[in-house]
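Read-outs: derived from the displayed coordinates by stated rules, not from any lab. Since the structure is predicted, the reported quantities are computational estimates derived from the model, not experimental observations. Please note: Cβ atoms are built from the backbone with ideal geometry, for glycine as well, and neighbour counts cover all protein chains shown.
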Ligand code: PBG
């Protein structure tokens, strides 16, 4: 042969060699499992569009927590679905609100399990928006009032920290939310509580099943005025940069699958840990296809999550966390 042939295949010859040269390793420590807590007792409702994911009252949460801890999963992302909703989402910041109660419950049973509290109003407002809605006289239409929302969100974050949350995860996308929450936490003495910011959150159809789960679909309009346009990538840098300046400790990209380029971009531009949210429809689509026997669920999921890590994610929030933990354990 007149030219050098580069034979990469010798690197793929045996399993041991493949293990040696593997660039990306998915481990159970990468995974965070989302939980949906509801008030009441004896409640374990499967979310129809998310098979295997449940609404759980605190008394039935324990079995789930035991399983999570036994599998080696180190953290949960905690959502609350309250009984009563109102215009301003007041129960979000109650010291005895569902997220606060669930946080105390979890930390009492498993002090070492990280509780990452979702800080948003959309599960708590009757209109389903992530902030307070006001009528804008100049525009002659209802809109989400950014600055009024910030006060409530900051109060919510402080009450979550007071309940013992280890990390605050604001998902509301109001302008200035990281700064508002950081300042409030610091003033209340929670300087040690980090913020995992949903920095780059697209207005996405991939949240459909979650909105069924959280009963949080907007009752009018949509979230396009405060979530990002899926067509934009450079704007993601601006969103993330604002969060870095305001004091975020983690940067999240959401959804994950259709936004791998954004994960990579954030990884290259910033030195904070990058979090990928493998959202509800990314889960439900796989579950539906697997239930039909059309795909091999385990291979598909491991490939998807490995892809997210390869793209640059340090942490993956995923409804598959328990499945993946089991698969990784069984192949060791
Ligand atoms: C809103 C919130 C949403 C998700 C997490 N937090 C939905 C939304 O913006 O409508 C979606 C998560 C998922 O789809 O798994 N606070």
### Part-to-part distance (alpha-carbon centres) for region 135-172 and region 256-309, which is given in Å
28 Å
### Query
What is the mean projected area of the alpha carbon convex hull for the chain, to one decimal in square nanometres?
20.3 nm²
### Query
For labels at residue 27 and residue 15 in the simple 7 Å Cα→Cβ model, what's the distance in nm?
2.0 nm
### D (Stokes-Einstein, µm²/s), Kirkwood Cα radius, region 164-290, 0.890 mPa s at 25 °C
159 µm²/s
### Task
For helix 260-269, report the angle its Cα long axis makes with the longest principal axis of the Cα atoms of the chain; keep it between 0 and 90° and round to the nearest 10°.
80 degrees
### Message
Nearest 10 degrees is fine. How inclined is helix 321-331 to the longest principal axis of the chain, computing both from alpha carbons?
### Response
20 degrees
### Summary
Checking rank on 268-275, 207-214, 292-299, 73-80, with mean other Cβ inside 10 Å and highest first, the result is 73-80, 207-214, 268-275, 292-299
### Expected 222 nm ellipticity per residue - DSSP helices of 4 or more, -39500 (n - 2.57), all of the chain, to 500
-12000 deg cm²/dmol
### Query
Relative contact order (percent) for the chain, with alpha-carbon contacts under 8 angstrom and 6 or more residues of separation?
18 percent
### Query
By average Cβ neighbour count within 10 Å, what is the ranking of 162-174, 137-149, 12-24 from highest down?
162-174, 137-149, 12-24
### Task
Work out how much length residue 303 to residue 234 would gain on full extension: take 0.36 nm times their residue separation and subtract the Cα-Cα distance, in nm to one decimal.
22.1 nm
### Task
Evaluate the distance, in nm, between pseudo-label points positioned 7 Å from the Cα of residue 8 and of residue 141 along their respective Cα→Cβ axes.
4.9 nm
### Summary
So residue 264 and residue 66, fully extended at 0.36 nm per residue minus their Cα-Cα distance, gain in nm 67.8 nm
